[in-house]
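**Student:** Below you'll find the structure I mean.
The values are calculated or read from the model by the stated rules, or taken from the named source; none is laboratory data. What you see is a predicted model; the values in this text were computed from it and never measured. With ideal geometry, Cβ positions are generated from the backbone for all residues, glycine too; neighbour counts draw on all protein chains shown. All accessible areas refer to the heavy atoms of the entire protein, side chains included, with ligands and DNA or RNA removed. Shrake-Rupley method; radii C 1.70, N 1.55, O 1.52, S 1.80 Å.
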Amino acid sequence: MQLKFWLGASVLATAAMFGSAPASAQGSLVMYCGVQEEWCRAMSTAFEKETGIKVAMTRKSAGEVYAQVKAEASNPRGDIWWGGTGDPHLQAAEEGLTEEYESAMNKDLQDWSLSQWKAAKKRAIGIYAGALGFGFNTQLIKEKGLADPKCWADLLNPKLKDDVQVADPNSSGTAYTLLATVVQLMGEDKGFDYLRALHKNVSQYTKSGAAPAKAASLGETAVGIVFIHDAVVFAVQGDPIKPVAPCEGTGYEIGSMSIIKGARNLENAKKFYDWALTPAAQALGAPAKSYQVPSNKNAPIPPQAPKMSDMKLINYDFVKYGSSAERTRLLTKWDKEIKAQP
Ligand code: PLP
């Protein structure tokens, strides 16, 4: 899929479409949120304020939301699944766990966002994009006498033993993106060899994908494999962490949104969906320290957002790696061949 990142954005007024905040409550909405807690809260609070619809929000990692939506399929409790990597959204779409929807906002979206919508047969849409990489603690790397790591290969250095953190791909969309990225970048056998070698340096597989960025910023680990924008969060606040786009090339995510099949508050879920695609709603990411590239062409790109156009991005096959069979197969193989190693 070709990415065309739109630069020089401007915010358009979209309030007219949704009106101003009503005086009385308009029912409720159960939101499963897949990004950082702070952005999840900013979105739910702003939507409540604008519409009077009461939002019950829970933050979970992408694989966890997928598992919850699947477990609740016979008695759905959630209405909208907003955020998190696109692969589990695509898997849910294929398994009929989410609803088809076509928003009037589609006309304003980037091609990569609509490609996700088409791949999901209208059951998921792209809301932001971000590239995978890592962040390293500049002091710890210096103390170890290492040159700044620039490539995936650099993370295999034995001097980094027990000093790399990454999440578990079963729970985390970030870590599944790593798994699918190395398989596409290196081929499956070499990709698994890489993960096997990396395992020797991994001190722990965290539940949440962004946690290793915080650990690297605090000096609890020398390297955290994360979405680059998650490392930027700590770099811009002056922590000793440097974000890296790996030299061999890297994968990326199309963060997505889906309406849950059997949603009890379907009309409110559609209202949220339309609103979440507006420039005004997409502009809420940056103040909540989330520096992805938004999917609405008229939404501002945060100045802190890593420049994806300057990176060597692989041609990530979202259809294949978001398919139920492939995602299940790779996760099972990772459990058996990587996590189970001593
Ligand atoms: N945090 C941010 C800012 C993200 O963009 C994403 C992915 O969409 C995540 C976290 C993913 O979280 P996890 O890897 O825990 O599923």
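**Student:** For the stretch 125-140, enumerate the residues that are more than 14 Å from the chain's Cα centre (by Cα) and surrounded by 22 or more Cβ atoms within 10 Å (Cβ to Cβ).
**Tutor:** PHE134, GLY135, PHE136, ASN137
**Student:** Here's another thing I want to ask about it. For the stretch 242-263, give me each residue that is out of contact with any Cys (no Cβ under 9 Å at 6 or more places or on another chain), over 30 Å from ILE80 (Cα atoms) and open to solvent by 10 Å² or more (accessible area, probe 1.4 Å).
**Tutor:** Across the stretch 242-263, the qualifying residues are LYS242, PRO243, ALA245.
**Student:** What number of residues within the stretch 168-206 are in contact with a helix residue (DSSP H, G or I) (Cβ under 7 Å, 6 or more places away or on another chain) and charged (D, E, K, R)?
**Tutor:** Total satisfying the criteria: 2.
**Student:** Which one of these does LEU109 not meet: (1) closer than 14 Å to VAL223 by Cβ; (2) away from the ligand (no atom under 16 Å from the Cβ); (3) hydrophobic (A, V, I, L, M, F, W, C)?
**Tutor:** (1)
**Student:** To continue, here is another question. Could you check, for the stretch 170-177, whether at least one of its residues is within 16 Å of the ligand (Cβ to nearest atom) and open to solvent by 20 Å² or more (accessible area, probe 1.4 Å)?
**Tutor:** Yes, that holds for at least one residue.
**Student:** Looking only at the stretch 48-62, filter to residues that are part of a loop (DSSP other than H, G, I, E, B) and over 16 Å from ASP274 (Cα atoms); which one of those is farthest from the chain's Cα centre (by Cα)?
**Tutor:** Per the criteria, the residue is LYS60.
**Student:** I would also like to ask the following. If I filter the stretch 24-45 down to residues being among the aliphatic types (A, V, I, L, M) and more than 16 Å from the ligand (Cβ to nearest atom), which single residue comes out as surrounded by the fewest Cβ atoms within 10 Å (Cβ to Cβ)?
**Tutor:** Ranking the candidates gives ALA25 first.
**Student:** Moving on. Got a sec? Which of LYS320, LYS312, LYS333 is under 18 Å from the mean Cα position of the chain (by Cα) and not assigned by TED's automatic domain parsing to the domain that holds GLY63?
**Tutor:** LYS320
**Student:** Count, please, the residues in the stretch 195-214 that happen to be surrounded by fewer than 22 Cβ atoms within 10 Å (Cβ to Cβ) and away from the ligand (no atom under 12 Å from the Cβ).
**Tutor:** Count: 8.
**Student:** Which of the residues that make up the stretch 307-321 are in contact with a helix residue (DSSP H, G or I) (Cβ under 7 Å, 6 or more places away or on another chain) and either aliphatic (A, V, I, L, M) or modelled with pLDDT under 95 (or both)?
**Tutor:** Passing the criteria: ILE314, VAL319.
**Student:** Any chance you could count how many residues in the stretch 52-82 are open to solvent by less than 50 Å² (accessible area, probe 1.4 Å), within 13 Å of the ligand (Cβ to nearest atom) and farther than 22 Å from THR328 by Cβ?
**Tutor:** Result for the stretch 52-82: 1.
**Student:** Hey, any hits in the stretch 264-279 for a residue that's charged (D, E, K, R), more than 17 Å from the chain's Cα centre (by Cα), buried (at least 19 other Cβ atoms within 10 Å of the Cβ) and away from the ligand (no atom under 12 Å from the Cβ)?
**Tutor:** yes
**Student:** Taking the stretch 150-164 only, how many residues are assigned to a helix (DSSP H, G or I) and within 20 Å of LEU313 (Cβ to Cβ)?
**Tutor:** 3
A quick yes/no check of all residues on (1) of a type in the set (A, V, I, L, M); (2) outside the structural domain of VAL35 (by TED's automatic domain parsing):
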site	(1), (2)
LYS121	no, no
CYS151	no, yes
ASN157	no, yes
ASP163	no, yes
LEU178	yes, yes
THR181	no, yes
